[in-house]
Amino acid sequence: MDNLLLALNVVFPIFVLLGIGYLSSHLGWISKKSLTDLNRFVFRLPLPLVLFLNVYNMDQGFHIDNNTLKVVSVIFFTLTFTTIFMPLILNKKTHLNNGQKGVLTQAWFRCNAIIFGLPVILSLYGDKAYSETSIVIITTVPLLNVLAVVLLELYSEKTIKPLRLIINIFKNPLIIGALFGFIFYGFNIKIPYIILNPMNSISKVATPLAFIILGGTLELSKMENNIKLILLGALGRLIVVPLIAILGCLALGVTGVGIGVVMGCLAAPAAVSSFTMAAEMNSDAELAGQIVVVSTLLSIITIFLWIFILATLGLI
């Protein structure tokens, strides 16, 4: 029961934000054009600031122990394996267009580790898991964004040119935010409080505003047409990918806090930024948004089941 309440406490506020966006749009309080403009704003400023500050605020002199290294290795392997394996399956589905293939692949590997993973892990282990979880998030979030840019570019209708692909990766605001975070952290550059304070305030807008925008763009009547693709994306994100990662943990002898961190991060639903990026890169943003919503709803059940199963087996 406690685990179910934990999942509900994480998920319910997000559905409130989605509901606010949905009602605001359908009551005419905000136009579709305004939602598009707001989406562009979130993608270019608040979300990059979140990544920048996550890296900037790391403790100086932290070190990665052997167990944390194994956890990071499992997550990196799972994400890259999924990124390579998923397109091989989807390329055989000739009825899918490139926009759908890109969004589905992104949904499988791009998880909402910060919003969902961190609260779940801290609820399970308390502050003793914060350092390890922060290292995992800081090292994997940039990878997630690079993979997302590469995939959506590869599945675009344009002819792929390696130089342009590299340029587009480094032009992506999320990548820029993470890179500047590492630069400021690496050179121990201190930002004056008078500047850092508004930066923190703007970054806090990112997640609630992104979910409100997503709610405003939802067309529930259109979900029926995409139900098979939505379930393919959502169940892959919530069940298949975390299963691969957990098996990887067992193969390396990772249990306890380590396997809990992996489960918390990779069993999280699709990241809301996957919808934001899909809209910005002219991919199938509608399908991306539907997968975010459905995977978030289903995660109430799946996260509870993962916690219950791993706890029953004595692994967490």
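The values are calculated or read from the model by the stated rules, or taken from the named source; none is laboratory data. Just so you know, these numbers come straight off a predicted model, no measurement behind them. Every residue, glycine among them, receives a Cβ derived from its backbone with ideal geometry; neighbour counts consider all protein chains shown.
What the table shows:
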{"item": "Per-region count, the range 192-237, residues in contact with a strand residue (DSSP E or B) (Cβ under 9 Å, 6 or more places away or on another chain) and closer than 27 Å to L49 by Cα", "result": "1"}
{"item": "Neighbours by Cβ (under 7 Å, 6+ apart or cross-chain): first from the range 299-315, surrounded by 12 or more Cβ atoms within 10 Å (Cβ to Cβ); second modelled with pLDDT under 85 and polar (S, T, N, Q)", "result": "F304/N3; I307/N3; F308/N3; L315/T255"}
{"item": "Any chance T105 is under 15 Å from the mean Cα position of the chain (by Cα), among the polar types (S, T, N, Q), crowded, with 20+ Cβ neighbours inside 10 Å and modelled with pLDDT of 80 or more", "result": "yes"}
{"item": "Matching residues in the range 124-148 - criterion: being modelled with pLDDT of 75 or more, more than 18 Å from the chain's Cα centre (by Cα) and surrounded by fewer than 19 Cβ atoms within 10 Å (Cβ to Cβ)", "result": "Y125"}
{"item": "Cβ pairs under 9 Å, 6+ apart, first in the range 23-45 and within 18 Å of T276 (Cα to Cα), second aliphatic (A, V, I, L, M) and part of a loop (DSSP other than H, G, I, E, B)", "result": "S25/L218; L38/I30; V42/V205; L45/V205"}
{"item": "Helices (runs of 4 or more DSSP H) wholly inside the range 184-288 that include at least 1 residues being on the phi > 0 side of the Ramachandran plot and surrounded by fewer than 16 Cβ atoms within 10 Å (Cβ to Cβ)", "result": "none"}
{"item": "Residue check, K92 surrounded by fewer than 17 Cβ atoms within 10 Å (Cβ to Cβ), without any contact (Cβ under 8 Å) to a residue 40 or more places away in the chain and outside any helix (DSSP H, G or I)", "result": "yes"}
{"item": "Per-region count, the range 301-316, residues under 14 Å from T255 (Cβ atoms) and either part of a helix (DSSP H, G or I) or among the charged types (D, E, K, R) (or both)", "result": "4"}
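One line per residue, one yes/no per condition, for (1) charged (D, E, K, R); (2) closer than 25 Å to Y155 by Cα; (3) modelled with pLDDT of 75 or more; (4) surrounded by 15 or more Cβ atoms within 10 Å (Cβ to Cβ):
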residue	(1), (2), (3), (4)
D2	yes, no, no, no
G19	no, no, yes, no
S24	no, no, yes, yes
L47	no, yes, yes, yes
H63	no, no, no, no
T82	no, yes, yes, yes
